[in-house]
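*Asks:* I have a structure here, written as structure tokens, and I will follow up with some questions on it.
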Amino acid sequence: MEKLLYITANPKGLEKSKGLQIGEAFLESFINERPDVEIKRMDLFQLDFVQMDADLVFARGKLAGYGYTLDQLSETEREKILKMHALADEFIGFDYYVFVSPLWNLNSPAVLKAFLDNLFIAGKTFTHTSNGPKGLLSGKKAIHIQTRGGQYTGSPTQELESGDRYLKIALNFLGIDVMNSVIAEGLDLYPQKVPEIVAAAKEKARLAAKELAGISQPVLL
């Protein structure tokens with residue numbers, strides 16, 4: 001059975017988060033088309049996972065570059081690196097990934113970057129070759145659903161947006177096929193148009209879900 005991991009990074013909850021509401025529209029459409037796919041939800045603001053600190057940095061370096069074994073790490077280092085690998089192993093077990101996050105201060109919430117840090121493990125999710133690094137998660141697909149208060153697409157501030165761009169770079173690095181993102185923007189600039197913006201984004205999300213499910217043509221954004 002194929003599996004989809006639905007990853008959210010918004011602490012406001014479904015009732016107040018327009019991004020999560022758009023994400024639910026995506027998920028409902030995908031489930032309707034692919035009821036055979038197992039779905040797991042992962043709220044990053046509720047998830048207990050390790051973040052990059054001195055212990056984890058030293059543990060990774062010792063194992064990757066200095067020939068240490070797990071038994072030679074300190075107890076704290078060993079505990080954290082094993083937790084990191086466990087999260088990466090769980091992530092690898094899925095076929096599809098849906099990320100739902102807002103744009104905060106030009107980037108995604110810090111919790112999303114911290115989560116992605118757990119996935120960069122040489123020999124597990126990518127490898128080094130004579131031609132440079134190569135992702136090992138080929139054959140998997142992902143999409144990002146993002147809300148923005150400002151208007152970035154087609155504006156002078158477009159290059160300042162770093163959340164969606166970084167997520168795509170990170171996932172592509174790991175070998176994952178990343179679809180066109182579903183973006184709802186201008187939510188703070190045009191409060192009177194919020195219902196219209198959200199409705200349009202939900203429709204794009206439903207079409208994107210059908211594309212991810214493999215039953216339609218690519219979404220034109």
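*Asks:* Return the only residue of LEU20, LEU47 being under 22 Å from the mean Cα position of the chain (by Cα), among the aliphatic types (A, V, I, L, M) and not in a helix (DSSP H, G or I).
*Replies:* Going through LEU20, LEU47 in turn, just one is under 22 Å from the mean Cα position of the chain (by Cα), among the aliphatic types (A, V, I, L, M) and not in a helix (DSSP H, G or I): LEU47.
*Asks:* Among the residues of the stretch 195-206, are any open to solvent by 70 Å² or more (accessible area, probe 1.4 Å), over 19 Å from PHE99 (Cα atoms) and not in a strand (DSSP E or B)?
*Replies:* For the stretch 195-206, residues open to solvent by 70 Å² or more (accessible area, probe 1.4 Å), over 19 Å from PHE99 (Cα atoms) and not in a strand (DSSP E or B): present.
*Asks:* Still on this structure: Aliphatic (A, V, I, L, M), surrounded by 18 or more Cβ atoms within 10 Å (Cβ to Cβ) and in contact (Cβ under 8 Å) with a residue 24 or more places away in the chain - does that describe any residue in the stretch 67-80?
*Replies:* no
*Asks:* Here's a check for you: in the stretch 155-185, which residue that is of a type outside the set (A, V, I, L, M, F, W, C), surrounded by 19 or more Cβ atoms within 10 Å (Cβ to Cβ) and not in a helix (DSSP H, G or I) is nearest to the chain's Cα centre (by Cα)?
*Replies:* The residue in question is SER181.
*Asks:* Filter the stretch 43-56 down to residues that are free of Cβ contacts under 8 Å to residues at least 12 places away in the same chain and open to solvent by 80 Å² or more (accessible area, probe 1.4 Å), then give me how many there are.
*Replies:* Counting residues in the stretch 43-56 that are free of Cβ contacts under 8 Å to residues at least 12 places away in the same chain and open to solvent by 80 Å² or more (accessible area, probe 1.4 Å) gives 2.
*Asks:* Still on this structure, please answer the following. When the residues of the stretch 110-148 are narrowed to those that are assigned to a loop (DSSP other than H, G, I, E, B) and either aromatic (Phe, Trp, Tyr) or touching a Ser or Thr at 6+ places or on another chain (Cβ under 9 Å) (or both), which ends up nearest to PHE91 (Cα to Cα)?
*Replies:* My answer is LEU119.
The values are calculated or read from the model by the stated rules, or taken from the named source; none is laboratory data. Small disclaimer: the values here were computed from a predicted structure and weren't measured. Virtual Cβ from ideal backbone geometry, glycine too; neighbours counted across all protein chains shown. Only protein heavy atoms, including side chains, enter the accessible area calculation; ligands, DNA and RNA are left aside. Shrake-Rupley method; radii C 1.70, N 1.55, O 1.52, S 1.80 Å.
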